[in-house]
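Encoded as structure tokens, the structure appears first; notes follow it.
The values are calculated or read from the model by the stated rules, or taken from the named source; none is laboratory data. Bear in mind the structure is a predicted one, so any value in this text is a computation, not a measurement. Glycine also receives a Cβ, built like all others from the backbone with ideal geometry; neighbour counts cover every protein chain displayed. Note: areas computed on protein heavy atoms with side chains; ligands, DNA, RNA excluded. Shrake-Rupley method; radii C 1.70, N 1.55, O 1.52, S 1.80 Å.
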Amino acid sequence: MGRVIKYEGAAMDTATVGKLKAFARGEATWAEVEGMTFEEAKAIAQVGCDLAGAGRYEEARILFEGLVEGNPRDSASRAALGTVYQKLGRLPEAVTEYSAALERDPANPVALVNRGELYLQQGNRQGFTDIANAVEADPDGQTSAGRRAKALVRAIALAAVEKMKEAPAQA
């Protein structure tokens, strides 16, 4: 064990002080300071997904906000938090979380398809690009997000064909 340092009456070992300094410099996440393992974070995320799947969005929100607070660099947790915000109707916050997830992982299919859908609902053409990128990120539809992206592309294409069919009749 490292040397013990007294800091304002609290005794801390040098390893803890080093982790805290790294956190203060932005070189470590709070999860790293606390010693949270990937497996522990994954287990918490699974509980959050189970809660969201059961419609318990407020409880899922609390878990995912905690995971994001502990490790803001975790793209999957940010995308999951965005999904929960979307389900809660907190759409600007959902877009913010999806965008943050995509900064870390530009091929995150959940963030791409969900942000794309929200953008399209707002009339923002970037939504088409996001959805196309989601299909590209998961071309075989191995994730539910990838399958949803493919379904949205088909629906958009069908709507465009129908609109083209109507155009000559209106002329």
For this session: Could you please give the count of residues in the range 48-73 that are touching a Leu at 6+ places or on another chain (Cβ under 6 Å) and open to solvent by 60 Å² or more (accessible area, probe 1.4 Å)?
Result: 2
Exercise. Residue 89: out of contact with any strand residue (DSSP E or B) (no Cβ under 6 Å at 6 or more places or on another chain) and within 26 Å of residue 55 (Cα to Cα), yes or no?
Worked result: yes
Seminar exercise, completed: Matching residues in the range 74-86 (open to solvent by 10 Å² or more (accessible area, probe 1.4 Å) and either under 15 Å from residue 59 (Cα atoms) or part of a helix (DSSP H, G or I) (or both)) number 7
Exercise. Can you name the condition, by its number, that residue 98 falls short on among (1) aromatic (Phe, Trp, Tyr); (2) modelled with pLDDT under 95; (3) closer than 17 Å to residue 137 by Cα?
Worked result: (2)
For this session: Would you be able to tell me the number of residues in the range 129-149 that are under 12 Å from residue 117 (Cα atoms) and basic (Lys, Arg)?
Result: 1
For this session: Enumerate the pairs (first residue in the range 101-112 and over 12 Å from residue 133 (Cβ atoms); second residue anywhere and assigned to a loop (DSSP other than H, G, I, E, B) and open to solvent by less than 50 Å² (accessible area, probe 1.4 Å)) with beta-carbon separation below 7 Å, excluding pairs fewer than 6 apart on the same chain, so at least 6 apart or on different chains.
Result: 101/108
